[in-house]
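This report concerns only the one structure given below.
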Amino acid sequence: MELLTISKAAKKVGVHPNSLRNWEKRGLIKPVRLPGGQRRYSMDELNRVLSSGQLPGEPEAVVLYARVSTKKQADAGNLERQMERLRQYARGEGYIIRAEFTDVASGLNQKRRGLGNVLKIAEQGEYKKLLIASPDRLARFGYSYIERHLRYCGVEIIAIAEKEPEDAQTELERDLLSIVASFSARLYGARGGKKVRQGLLELRNRD
């Protein structure tokens, strides 16, 4: 009996691999587990699930949100690639895309227009799921508060990536430097804040 990997099985069925993971969690499909823990699927099991009539029929409305920190990242296509991954996931899950919002801003910035729109239409009850690439795309700090507010509005956050993007570490360093510079400016004035930030940048570049 031929066993398919999760990516090949998803392609056969015409869904995103995460759909198979979600179906498994709901008890709709039972993959074979290899000694190493990898999932494998038989065509008999895939056909059984498709013909069972148990799969969700009513598509859910979702909102997509993508963010990058700088215009340079956006110009390099990072923002559009991030959004396209979200679109592919939504299509694979059979969701209806209610809206797409983006921001080119630091994850520390709480006054983002895209994020504001995400919260606004959530409060209006216009969607039930928010798709993001990873939690840091929504907020660098204070993610739990946004998550709780959206949950109160009946919205579930789905982060589709299993890990943060490769440039997330650099972005985090930039945000932390901004925090240090901000507090230093309050303590020592604007000039002192700039000096502290420059010193930290020099130390980082030595590593």
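Structural remarks
- Test: residue in the range 104-113 that is on the phi > 0 side of the Ramachandran plot, surrounded by fewer than 14 Cβ atoms within 10 Å (Cβ to Cβ) and not aliphatic (A, V, I, L, M): no
- Boolean, residue 73 is within 16 Å of the chain's Cα centre (by Cα) and either part of a helix (DSSP H, G or I) or modelled with pLDDT of 95 or more (or both): no
- Odd one out for residue 81 among (1) without any contact (Cβ under 8 Å) to a residue 24 or more places away in the chain; (2) more than 14 Å from the chain's Cα centre (by Cα): (2)
- Residue check for residue 40: of a type in the set (D, E, K, R), touching a residue at least 12 places away in the same chain (Cβ under 8 Å), in contact with a Ser or Thr (Cβ under 8 Å, 6 or more places away or on another chain) and not assigned by TED's automatic domain parsing to the domain that holds residue 141: yes
- Residue within the range 34-44 that is closer than 17 Å to residue 10 by Cα and of a type in the set (Gly, Ala, Ser) present: yes
- Single residue of 131, 172 found to be modelled with pLDDT of 95 or more and surrounded by 13 or more Cβ atoms within 10 Å (Cβ to Cβ): 131
One line per residue, one yes/no per condition, for (1) in a loop (DSSP other than H, G, I, E, B); (2) surrounded by fewer than 19 Cβ atoms within 10 Å (Cβ to Cβ); (3) acidic (Asp, Glu); (4) not assigned by TED's automatic domain parsing to the domain that holds residue 95:
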| position | (1), (2), (3), (4) |
| --- | --- |
| 117 | no, yes, no, no |
| 126 | yes, yes, yes, no |
| 137 | no, no, no, no |
| 140 | yes, no, no, no |
| 144 | no, yes, no, no |
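The values are calculated or read from the model by the stated rules, or taken from the named source; none is laboratory data. What you are looking at is a predicted structure, and each value in this text was computed from that prediction instead of being measured. Cβ: placed from backbone, ideal geometry, glycine included. Neighbour counts: every protein chain shown.
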